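Scroll down for the structure; my scribbles are underneath it.
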Amino acid sequence: MENYLNPKMSAAQVDAISSLGLAHVGDGVYELLCRSYLAEHGDHTLKNLHSHTISLVNAPAQARFAARLLPQLSERELAYYRRGRNAHTHAAPKSATAREYSMATGLEALFGALYLLGETARLNELFIRMMEEDDGI
């Protein structure tokens, strides 16, 4: 891979990455999307940008977004989501239930896979759908 901002890994390469590895990448991608969205749409003070970012990237919010997206996912996308959701994580944060944390990990794994596959148009489409339905901002 020569362009880490616009990766285009093969499906076999992405499939070789662990579920939690995909979620690790997806966590960063998801937070960057949220920060970019808020920079354009949110209140521009640092305090408000930070608090809005936290409200979007926590596990309960990600679980809510995942539930909304599930009916819109292809079979292949669902497979990436399920891989992340079913990953054996060691502990959920106190602010989330185990179910919410699993769903959030699934969403992050999906976002990580789409990013690494170079499917940024689809990734952006799903993110926009989530934000259009969000009442918080």
Quiz item: In the list 38, 49, 5, 32, which residue meets the criterion of being more than 22 Å from residue 87 (Cα to Cα), part of a helix (DSSP H, G or I) and over 16 Å from the mean Cα position of the chain (by Cα)?
Solution: 49
Quiz item: Is the range 78-93 home to any residue that is under 22 Å from residue 13 (Cα atoms), assigned to a helix (DSSP H, G or I), open to solvent by 20 Å² or more (accessible area, probe 1.4 Å) and not charged (D, E, K, R)?
Solution: yes
Quiz item: Does any residue of the range 103-115 turn out to be surrounded by 13 or more Cβ atoms within 10 Å (Cβ to Cβ) and outside any helix (DSSP H, G or I)?
Solution: no
Quiz item: Of everything in the range 44-67 that's within 13 Å of residue 104 (Cβ to Cβ) and not hydrophobic (A, V, I, L, M, F, W, C), which residue is surrounded by the most Cβ atoms within 10 Å (Cβ to Cβ)?
Solution: 62
Quiz item: So which of 28, 118, 112, 84 is touching a Ser or Thr at 6+ places or on another chain (Cβ under 9 Å) and either at pLDDT 90 or above or more than 23 Å from residue 4 (Cα to Cα) (or both)?
Solution: 84
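The values are calculated or read from the model by the stated rules, or taken from the named source; none is laboratory data. Since the model is a prediction, treat every value here as computed from it, not as a measurement. All Cβ positions, even for glycine, are placed from backbone atoms using ideal geometry, and neighbour counts span all protein chains on display. All accessible areas refer to the heavy atoms of the entire protein, side chains included, with ligands and DNA or RNA removed. Shrake-Rupley method; radii C 1.70, N 1.55, O 1.52, S 1.80 Å.
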